[in-house]
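Taking it in order: structure first as structure tokens, then the write-up.
Coordinate-derived values only; no laboratory data. Because the structure is a prediction, the values reported are computed rather than measured. Cβ sites come from the backbone with ideal geometry, for glycine too, and all protein chains shown count toward neighbours.
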Amino acid sequence: RKEVEQDPGPFNVPEGATVAFNCTYSNSASQSFFWYRQDCRKEPKLLMSVYSSGNEDGRFTAQLNRASQYISLLIRDSKLSDSATYLCVVNTGFQKLVFGTGTRLLVSP
Amino acid sequence: ETGVTQTPRHLVMGMTNKKSLKCEQHLGHNAMYWYKQSAKKPLELMFVYSLEERVENNSVPSRFSPECPNSSHLFLHLHTLQPEDSALYLCASSLGTGEETQYFGPGTRLLVL
């Protein structure tokens, strides 16, 4: 079983749509959780950290369910500029980040 | 953004060549990392340095040799690489080795012929 699993997509959605990505992780001792965004041929950039209570940043909402070991990212009112690959990242301790393969999002006009 | 810089951005080398990748961070961070990103695969952590001391070596072949002369600079020395080593090599830094956010450089895209 992979340490971090994501649906690779692509998710094709029209502008203005709401889209949700899920991610599961296998290490129950994982310490912290993140969503990174990676544009084509660019480096990953932190989108948001994920907290147990859930957190929101504008159009983006992240949730963590420790009991079920999954993380979600919800994007509301999708923009063309949201097209990218979204990486689910789990810190298993001692700064060891484990990355999922990413979920590709394509937002069309 | 120039927080973490990497040179060169692109590199083509033969299997018998020796080359080095350079990373520099201007964020005052104490931890630096090398990652490998191959097509269709997740990022793989290669090495972790904390205060210039290597704290993690993720079973990386010896043809990759890291060097961290100070907390701002990180090198990856390459020799006798294989074509399957072609990938995007990303450097990252963080304030410490706890749960702080890691910031990535733009990467070096390496092609081994």
**Prompt:** Looking at this model, which pairs from A:Lys42/A:Lys79; A:Lys79/B:Lys41; A:Lys42/B:Lys22; A:Lys79/B:Lys22; A:Lys2/A:Lys45; A:Lys42/B:Lys36 are more than 24 angstrom apart at the alpha-carbon?
**Reply:** A:Lys79/B:Lys41; A:Lys79/B:Lys22
**Asked** How many angstrom lie between the C-alpha centres of the stretch A:45-109 and the stretch B:66-107?
**Response** 23
**Under the Debye formula (equal points on every Cα, no solvent term), log10 I(q)/I(0) of the stretch B:68-113 at q = 0.15, 0.32 Å⁻¹** = -0.52, -1.20
**Fill in**
Spelling it out for A:Gln31: with amide H atoms placed in the peptide plane at 1.01 Å from N, the residues 5 or more places away or on another chain with amide H under 5 Å from its amide H are A:Asn91, A:Thr92, A:Gly93
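Counting other C-beta atoms within 10 Å, and keeping those with at most 10, which DSSP coil trypsin sites (Lys or Arg not before Pro) do you find in the stretch B:1-73?
Here the sparse-neighbourhood loop sites are B:Lys40.
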**Request:** Compare the peptides A:29-37, B:68-76 by average per-residue count of other Cβ atoms within 10 angstrom and give them in order, highest first.
**Result:** A:29-37, B:68-76
**Request:** Return the long-range amide H neighbours of A:Asp7 (sequence gap of 5 or more, or a different chain), with a cut-off of under 5 Å between placed amide H atoms.
**Result:** A:Asn22
**Asked** Evaluated at 37 °C with a viscosity of 0.692 mPa s, what Stokes-Einstein diffusion coefficient in µm²/s does chain A have when Rh comes from the Kirkwood expression over alpha-carbon pairs?
**Response** 236
**Complete:** In order over the stretch B:70-85: 3J(HN,Hα) from phi, Karplus 6.51/-1.76/1.60, θ = phi - 60°, whole Hz, x for each Gly or Pro, gives 7, 5, 9, 10, 9, 10, 10, 8, 10, 8, 6, 6, 10, x, 6, 7
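Would you please name the trypsin sites (Lys or Arg not before Pro) within the stretch A:54-109 that are DSSP coil residues with at most 14 other C-beta atoms within 10 Å of their C-beta?
Passing sites in the stretch A:54-109 are A:Arg59, A:Arg66, A:Arg76, A:Lys79.
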**Prompt:** Which whole number gives the average, over all residues in A:34-45, of C-beta atoms from other chains lying within 10 Å of the residue C-beta?
**Reply:** 4
**Prompt:** How big is the convex hull of the Cα atoms of the stretch A:52-107, per residue, in Å³?
**Reply:** 103
**Request:** Normalise the Cα radius of gyration of the stretch B:34-113 by 2.2 N^0.38 Å (N = residues in it) and let me know the number.
**Result:** 1.08
**Item:** Zone residues, the stretch B:73-101, relative to B:Arg109, backbone N less than 15 Å from point 7 Å out along Cα-to-Cβ
**Value:** B:86-90
**Message:** Just the number: Rg to Rh for the protein assembly as shown, Cα atoms, Kirkwood Rh, two decimals.
**Reply:** 0.98
